[in-house]
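Contents: one structure, followed by commentary.
The values are calculated or read from the model by the stated rules, or taken from the named source; none is laboratory data. These figures come from a predicted structure and were not determined experimentally. Glycine also receives a Cβ, built like all others from the backbone with ideal geometry; neighbour counts cover every protein chain displayed.
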Amino acid sequence: MPEPTVILDAVAMQRALTRIAHEVVERNEAGSEVVVVGVQRGGVPLGQRLGTLLAGIWGHAVPTGSLDVSMHRDDLDQRVAPNVQPTVIPFDVTGKTVVLVDDVLFSGRTIRAAMDALNDFGRPRRIQLAVLIDRGHRELPIKADFVGKNVPTAYTERVRVRLAEKGETDAVVIEK
Amino acid sequence: MSWSRKHLLDIESLTAEDITTVLDTARAFKAVGERAIKKVPALRGKTVVNLFVEPSTRTRTSFELSEQRLSADIINFTAEASSLKKGETLKDTARNLEALNIDFIVIRHSASGAPHFLARVLNASVINAGDGAHEHPTQALLDTFTIREKKGRIAGLNVTILGDILYSRVARSDIWALTKLGAKVTLCGPSTLVPRVFEQMGCRVTHDVDEAIRDADIINLLRIQHERQRKSMFPSLGEYTSFFGLTAARLARTKPDALIMHPGPINRGVEIDSEIADCPRSLVLQQVTNGLAVRMAVLFLVNGGKGPQEVAP
């Protein structure tokens, strides 16, 4: 197996997240109306990091939750049942701007499911999407508002996001 | 962890990992039941038949609500109202149902092995909701879920199952599930209802109730199954209560954190004192709540077990 290609190292990942945080602040002047929801699994630690960065800029805590989309997927009868992870949204999303966070944007189906799942918790004022990597190959009309890095990929390649929260060194790599 | 089974027929054939997968998945579904919107679209467009050839209220209600909360379409059959009453065989009934393109059959039947038979002759997924005195897998899964939720673990716990073991499908399923997960299971009741042969399933058998519950972390009471006993297995209900009933005096001699379970329906004053059934150490109603979550998890997992066995990215 060839060595995986590194797209982002730890420093570049941190820089990308910081830039995303500033873009979120620029887009949303009223920081008190913004909540962050990370999509299980890769989006959850990134959502927590983004929440911390936003809190540092705004000077107040930013509510941060996690969302599992397994029960809302559109391919449940075509695959082994997914591993359902906890959904923890200990705040009301109604009327808020929800920044959905995921690690890699690919087909867009996870985000479609996430928007459906989020609706069960209330009616957000608006939903914005932040992703660390946009690798293309969309199958649905979905576009991210904030992107850490656009990475053209072949459909068969795998993009892996390694995170310190999972016991690895921060990095994004492509495996052929 | 991943689940690749198309049916849930019994606990005996599951691995400890399978059981843990159900329990972990059920935790997520329990959270769904606590939301304002308690419904998810996981089984949208799927049809479930609840084929209850033997009477049941709580299991059928629990399955029905689980299916509704997964957005499935539901058909209910009961023995009294179906063509089984007119002499149709189970196989014909099931094949007629399948001709309607159904996806799941949840079956309760008085004959042991009926779900296994359906699984052989049908394409639909089969879920055993209780077959004769054989197994009642979803009850064992909800019992195990409730114990793990309260005690944080299963392995190493002392679980005493007290009552009619011989005729109880709940007991058999519970024994399989608990021993696979590493609990130490003690069975107790009249020797006619708790024969020594159960030691072969890895349990301890005793006929002294005070000894059986003294070190228990969980006391699981089972109902006397009048309907399955062909002859009288003990002299009288009164004598059963005085020898084996869980009374306040007996409970006072157990570990202070021992918890009480009962799959229902309860015969108050027979296997358990009425006030104990309602005391804070009783998990009876939590078992009912958890039953929903566990049944949702089973339907969700079995649905995935029907598809091609590859894991999507």
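Put simply, of B:111, B:155, B:212 the only residue that is at pLDDT 95 or above, in a loop (DSSP other than H, G, I, E, B) and more than 27 Å from residue B:43 (Cβ to Cβ) is B:155. Scanning the stretch A:53-102 for residues that are in contact (Cβ under 8 Å) with a residue 60 or more places away in the chain and either surrounded by fewer than 19 Cβ atoms within 10 Å (Cβ to Cβ) or outside any loop (DSSP other than H, G, I, E, B) (or both) gives A:95, A:97, A:98, A:99, A:100, A:101, A:102. Taking helices (runs of 4 or more DSSP H) that do not extend beyond the stretch B:5-104, which have at least 1 residues that are away from every other protein chain (no Cβ under 11 Å), farther than 20 Å from residue B:294 by Cα and small (Gly, Ala, Ser)? By residue number, B:90-98. Any residue at all in the stretch B:265-279 that's at pLDDT 90 or above, within 18 Å of the chain's Cα centre (by Cα) and either within 20 Å of residue B:186 (Cα to Cα) or part of a helix (DSSP H, G or I) (or both)? No: the stretch B:265-279 contains no residue that is at pLDDT 90 or above, within 18 Å of the chain's Cα centre (by Cα) and either within 20 Å of residue B:186 (Cα to Cα) or part of a helix (DSSP H, G or I) (or both). Being surrounded by fewer than 18 Cβ atoms within 10 Å (Cβ to Cβ) and of a type in the set (Lys, Arg), is that true of even one residue in the stretch B:165-184? Checking the stretch B:165-184: not a single residue is surrounded by fewer than 18 Cβ atoms within 10 Å (Cβ to Cβ) and of a type in the set (Lys, Arg). Each residue in the stretch A:78-98 was checked for being within 20 Å of residue A:45 (Cα to Cα) and touching a Ser or Thr at 6+ places or on another chain (Cβ under 7 Å), and 5 pass. Being touching a residue at least 40 places away in the same chain (Cβ under 8 Å) and surrounded by 17 or more Cβ atoms within 10 Å (Cβ to Cβ) is a property that residue A:35 has. Going through the stretch A:1-42 one residue at a time, which ones are hydroxyl-bearing (Ser, Thr, Tyr), farther than 23 Å from residue A:67 by Cβ and modelled with pLDDT under 95? Of everything in the stretch A:1-42, just one residue is hydroxyl-bearing (Ser, Thr, Tyr), farther than 23 Å from residue A:67 by Cβ and modelled with pLDDT under 95, namely A:5.
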